[in-house]
Amino acid sequence: MDIAIIVEKKTDYTIVHVSGKIDATTSDDLEDALIDLLDQGEVNIILDLKDTRYISSAGLRVLVVVTKQVYDSGHFCLCNANDNVLEIIDMAGFNVFMNIYDDLSTAKEKIAAD
């Protein structure tokens, strides 16, 4: 199955809804979408993983690339990740340096507070 990426621009942040699997086949599409947002000047990005069933090392690489790009200038966070996706992120040690929230409203609050 392909990945579905829906970009929802708001005043203070952009939500990127991802459904399907983020793997070697689909991670380039996600990276392109996120880099396009960065190129447009978006620096507060919420990656909504509610409908994401799986993330591979290729998907994790995309998370690192975007995290590095907004490190000093904005806020990149994940929310709504299921247990399977969270386990993969935790095993990779990404939970140490990534902002991961249980739900979209918490992610929005954190960005608004910064």
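The values are calculated or read from the model by the stated rules, or taken from the named source; none is laboratory data. Note that the coordinates shown come from a computational prediction; the quantities given were computed from them, not determined experimentally. Backbone-built Cβ (ideal geometry, glycine too); neighbour counts: all protein chains shown. Remember, those area values only see protein heavy atoms, side chains included, never the ligands or the DNA or RNA. Shrake-Rupley method; radii C 1.70, N 1.55, O 1.52, S 1.80 Å.
Here is how the numbers come out for the structure above:
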read-out	value
In region 25-42, the residues that are surrounded by 17 or more Cβ atoms within 10 Å (Cβ to Cβ) and of a type in the set (Val, Ile, Thr)	26
Test: residue 110 is open to solvent by 40 Å² or more (accessible area, probe 1.4 Å), at pLDDT 95 or above and within 18 Å of residue 14 (Cβ to Cβ)	no
Answer from 19, 27, 73, 56 - the residue that is over 23 Å from residue 92 (Cα atoms) and among the polar types (S, T, N, Q)	73
Filter result (among the β-branched types (Val, Ile, Thr) and without any contact (Cβ under 8 Å) to a residue 12 or more places away in the chain) within region 89-103	96
Any hit, region 12-24, residues being basic (Lys, Arg), surrounded by 18 or more Cβ atoms within 10 Å (Cβ to Cβ) and touching a strand residue (DSSP E or B) at 6+ places or on another chain (Cβ under 6 Å)	yes
Near pairs, Cβ below 6 angstrom, 6+ apart or cross-chain, from region 75-88 (modelled with pLDDT of 95 or more) to any residue that is loosely packed, with under 13 Cβ neighbours inside 10 Å and of a type in the set (A, V, I, L, M)	none
From the options 31, 87, residue that is in a helix (DSSP H, G or I) and more than 14 Å from the chain's Cα centre (by Cα)	87
Test for residue 2: is it part of a loop (DSSP other than H, G, I, E, B), in contact with a Ser or Thr (Cβ under 9 Å, 6 or more places away or on another chain) and without any contact (Cβ under 8 Å) to a residue 40 or more places away in the chain	yes
Members of region 47-80 that are open to solvent by less than 20 Å² (accessible area, probe 1.4 Å) and not in a helix (DSSP H, G or I)	47, 48, 49, 52, 55, 56, 75, 76, 77, 78, 79
